[in-house]
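This report concerns only the one structure given below.
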Amino acid sequence: QAKSSQGCTYHVFDERIHRSARSQADLESELRRALRRDELDLHYQPRLCLKTGNILGLEALVRWRHPERGLLTPNEFVPLAEESGLIVPLGYWVISRALRDMQWLRGRGLPPLHMAVNLSFRQFQDSQLLSTLNRLIQERGVDGRWLEFELTETAVMRRSDQVRKTMDALGQLGVRFSLDDFGTGFSSFVHLNSLPIALLKIDRSFVGGMHDRPENRQLVKAMIDLAHNLNLEVVAEGVETAEHLALLRLYGCHQAQGYWISRPLPLAELARFLVFGSHQALFSS
Ligand code: C2E
Ligand code: MG
Ligand code: MG
Ligand code: MG
């Protein structure tokens, strides 16, 4: 994953390499503690249906309320969690919290929304994944069909026979899968067709360049057409302007996610956005 390797490169070239290695170890034990002390939090980013203007779903994005360093974003600790294996318990915490919050939103009379959770390859390899997920779904009383796992191309392409078995088993619980950051990794069309993937999420690097680069517009359009031809749902990430939204609608993209619609929000703010938000007005531009 580009993001995590960038993170590593930064540390390798850091002048204060010893200090950096030290703080890496510190961070790891702090992260362990954070899990116990409930310092993690989820923010939710809404996903807009480009046909109806309704919010259809949410993506859960983990945050760490670090007692000294403030609010940390995933790029600052998910790579470390992946390397150390802490991503497995962290990931279960994320799923459990997301399911809890889905019930909380339902309790406020809001219509049901799909909940997308990011899964690292490491979590996918965990032998307890199926049983733990099954238990969490039961405990929270959520129908698995509202749950979606976002996997990156690189995760899916590795050891694809094993990946496929896990996906099929999770699919029995109703869980859907999306291919995250589509276009940035290696995808083979064979895999796209043979794995039980329901959605493609076009990476924001393509969407962001649509204004000024005709090639980017062509790429985005081609990815949308591909999704249509393969009967996949298609979501554009990183929608930052009205122009992005208009082009995506023109190309027949199903859903959009990005700052133009909403930033990822803490639960209470999300609830306000869902009730009072003027996302329908985004269409009249
Ligand atoms: P991602 O799954 O591709 O998530 C989208 C990222 O793009 C989020 O960053 C989101 O805040 C950001 N974003 C959304 N709309 C816009 C926009 O319009 N413009 C721009 N510039 N950015 C936008 P975030 O929250 O920092 O997460 C980064 C990555 O960390 C995620 O990328 C995902 O790969 C990973 N991640 C987040 N939460 C989890 C988690 O619970 N577990 C695992 N394993 N990975 C996670
Ligand atoms: Mg994602
Ligand atoms: Mg993504
Ligand atoms: Mg991304």
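For Leu50, the residues whose modelled amide H falls within less than 5 Å of its own, excluding neighbours fewer than 5 places apart on the same chain, are Gln255, Ala256. Accessible area per residue for the chain is 50 Å², calculated with a 1.4 Å probe on protein heavy atoms, without ligands, DNA or RNA.
Beyond 31 Å, how much of the Cα-Cα pair distribution for the chain remains, as a whole percent? Display every interim value, and only then the final one.
Details: 11659 of 40470 pairs.
That tail contains 29 percent of the Cα-Cα pairs.
When the helices of the chain are scored as -39500 (n - 2.57) per DSSP H run of n ≥ 4 and the total is divided over every residue, the value at 222 nm lands at -15000 deg cm²/dmol. Divide, for region 50-170, the radius of gyration over alpha carbons by 2.2 N^0.38 Å, where N is the residue count. For region 50-170, the normalised Cα radius of gyration is 1.13. For the pair Lys165 and Ala281, a Förster radius of 45 Å applied to the C-beta separation gives a FRET efficiency near 0.50, rounded to the nearest 0.05.
I'd like the carbon and sulfur percentage of the solvent accessible area for region 147-188, probe radius 1.4 Å, heavy atoms only, ligands and nucleic acids excluded.
C and S fraction of accessible area: 50 percent.
Quick check: from the Cα gyration tensor, does region 105-237 come out rounded (a/c under 1.5), prolate or oblate? Since a/c reaches 1.5 but b/c is at least a/b, the shape of region 105-237 is classed as oblate. Distance from the alpha carbon centroid of region 145-188 to that of region 91-119 works out to 19 angstrom. Residue by residue, region 251-262 carries 3J(HN,Hα) couplings of 7, x, 5, 6, 9, 9, 9, x, 4, 4, 8, 5 Hz when phi is fed to the Karplus relation 6.51 cos²θ - 1.76 cosθ + 1.60 (θ = phi - 60°); x denotes Gly or Pro. With θ taken as phi - 60° and the Karplus curve 6.51 cos²θ - 1.76 cosθ + 1.60 applied, the whole-hertz 3J(HN,Hα) list for region 47-61 is 10, 9, 7, 7, 8, 9, x, 8, 7, 9, x, 9, 10, 7, 10 Hz, x standing for glycine and proline.
Mean-square fluctuation check for the chain, GNM, Cα pairs under 10 Å: which of Gly144, Gly91, Gly53 is largest? Looking only at Gly144, Gly91, Gly53, the largest GNM fluctuation is found for Gly53.
The values are calculated or read from the model by the stated rules, or taken from the named source; none is laboratory data. Computed from a predicted structure; not experimentally measured. Virtual Cβ from ideal backbone geometry, glycine too; neighbours counted across all protein chains shown. For accessibility, only protein heavy atoms count, side chains too; no ligands or nucleic acids. Shrake-Rupley method; radii C 1.70, N 1.55, O 1.52, S 1.80 Å.
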